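What follows is one structure encoded as structure tokens, with my remarks underneath.
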Amino acid sequence: MEKIDLSSLTFEELSEALKSLSLPAFRAGQIYRWISRGVSSFDAMSDLSKDLRETLAQTFSLAQVYEETCLVSSDGTKKFLFRLADGNHIETVLMRYEHGNSVCISSQVGCSMGCRFCASTLKGKVRDLTAGEMFAQIAYINRTDPVSHVVVMGVGEPLDNFDNLVTFVRNLSSPKGFGMSQRHISVSTCGLVPKIDRLAELNLQITLSVSLHAPDNETRDRIMPVNKAYPVEKLLAACDRYTAATGRRISYEYIMIRGVNDTPRHAQLLAKHLHRKLAHVNLIPMNHVDERDFQPSTPDAIRRFTAILTEQGINATCRRKLGKDIDASCGQLRARFEKNNPTR
Ligand code: SAH
């Protein structure tokens with residue numbers, strides 16, 4: 001029988017799973033706390049008896065990530081290649097900011113969304129990550145670099161792995177566990193409308209980032225296949241419902257691609273859409289991906305675009321590029337880094 005992975009359960013589910021062992025109720029809290037500290041084995045749970053630790057190990061498992069490589073950028077950013085228990089690989093990035101260490105985690109092995117500018121989706125989706133595997137990326141890094149912020153913006157579409165994502169967020173923010181404020185957690189989506197609505201119902205205090213990247217369907221269709229299912233007007237309406245339900249400002253991500261979505265006309269239309277909304281625009285100069293044809297916008301085009309947004313009263317900033325020299329920037333992560341490890 002396959003062992004149940006305790007690190008992928010909520011506190012309530014874990015308490016339920018432990019019932020089979022007829023333990024006193026406080027044990028669930030103890031074990032949950034140990035998991036949130038990122039222990040890699042039951043043996044490390046030093047306030048449990050040796051017998052109990054053995055019994056737990058026979059019945060349950062704990063998700064792990066195994067470091068294969070870590071590249072360090074001149075700006076201090078670290079990119080980890082992690083192997084999972086089944087041999088799949090994911091990438092995770094540690095970014096250092098004045099406000100603390102932020103970890104960008106992967107939510108799937110590969111991605112099926114097909115965005116034309118992104119490396120993560122080149123080979124499609126292999127599988128979803130479990131809640132425990134999402135947390136294990138943070139727990140691993142937290143041992144040496146205390147993690148204060150988490151962004152779910154690595155490989156994968158988090159809302160395409162909805163239930164595991166929500167369990168992960170609940171565990172990461174549980175006062176009984178890791179205890180990270182939900183306001184320090186950002187989740188980025190390419191715009192799966194029904195899932196945005198489901199998320200709104202949960203009323204979490206996380207930041208939702210929406211990869212808009214174009215203000216009209218003609219442009220967005222060209223770069224994001226997901227737009228066929230959920231076009232711009234439906235996506236923006238879902239974002240409005242999300243803000244109405246949660247009171248949280250949405251962060252719109254907008255990659256600047258030369259001659260594709262970066263003209264003054266695009267900026268004007270974007271400003272019109274976001275007028276008087278609780279919104280922030282995060283402009284991302286497109287990062288290079290070998291297999292993709294698009295080019296980044298010129299600095300002039302980015303300045304012009306930002307100026308138009310600002311003039312129209314839209315709050316816009318340009319994302320600083322971290323980890324450029326190690327291919328750790330947005331859209332450059334993939335399920336495996338053959339490129340940096342050609343022999344692997
Ligand atoms: N699937 C989610 C999260 C992963 S991508 C989403 O789509 O939001 C994280 C961010 O990086 C997204 O805004 C994505 O569109 C952006 N991105 C992808 N490829 C990029 C590239 N080549 N240059 C800059 N940003 C890119």
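Here are some notes:
- Between region 178-245 and region 272-305, the C-alpha centres lie 17 angstrom from each other.
- Convex hull of Cα atoms in region 4-61, direction-averaged projection (nm²): 3.4
- CD proxy at 222 nm, helix term only [per DSSP H run n ≥ 4: -39500 (n - 2.57); per residue of the chain; nearest 500]: -9500 deg cm²/dmol
- Grouping the Cα pair distances of region 204-248 into 10 Å bins from zero gives a pair-distance distribution of 27, 48, 23, 2 percent in increasing distance order.
- Excluding same-chain neighbours fewer than eight residues apart, the lysines reachable from LYS321 by a Cα-Cα span under 18 Å are LYS78, LYS79.
- Those Cys residues of the chain for which no other cysteine Cβ falls under 4.7 Å: CYS70, CYS104, CYS111, CYS190, CYS239, CYS318, CYS330
- Counting other Cβ atoms within 10 Å as a rough exposure proxy, the listed residues TYR97, TYR32 run TYR97, TYR32 from fewest neighbours to most.
- Remark: region 66-340 projects, on average over all directions, an area of 13.5 nm² (convex hull of Cα atoms).
- For region 54-175: rounded, prolate or oblate by the Cα gyration tensor [a/c cutoff 1.5]: rounded
- Computed from the Cβ-Cβ distance with R0 of 30 Å, the FRET efficiency linking ALA57 to GLN295 stands at 0.05.
- Remark: for residue pairs LYS50/LYS176; LYS3/LYS176; LYS234/LYS272, the C-alpha separation exceeds 18 Å in LYS50/LYS176; LYS3/LYS176.
- Value of relative contact order over region 265-319, rounded to a whole percent, pairs C-alpha under 8 Å and six or more apart: 53
- Taken as Cα centroids, region 23-78 and region 93-124 sit 24 Å apart, rounded to the nearest whole angstrom.
- Computed over the chain, relative contact order equals 16 percent, with contacts defined as Cα pairs under 8 Å that lie 6+ residues apart.
- Computed over region 4-61: relative contact order in percent, which uses C-alpha pairs under 8 Å that are six or more apart: 42
- Region 272-337: mean projected area of Cα convex hull, nm²: 5.9
- Alpha-carbon Rg/Rh ratio, for region 231-344, with Rh computed the Kirkwood way: 1.04
Laboratory data are not the source of any read-out in this text; all were calculated from the coordinates shown. All figures in this text were calculated on a predicted structure; none of them were measured in a lab. Every residue, glycine as well, gets a Cβ built from its backbone with ideal geometry; the counts of neighbours run over all protein chains shown.
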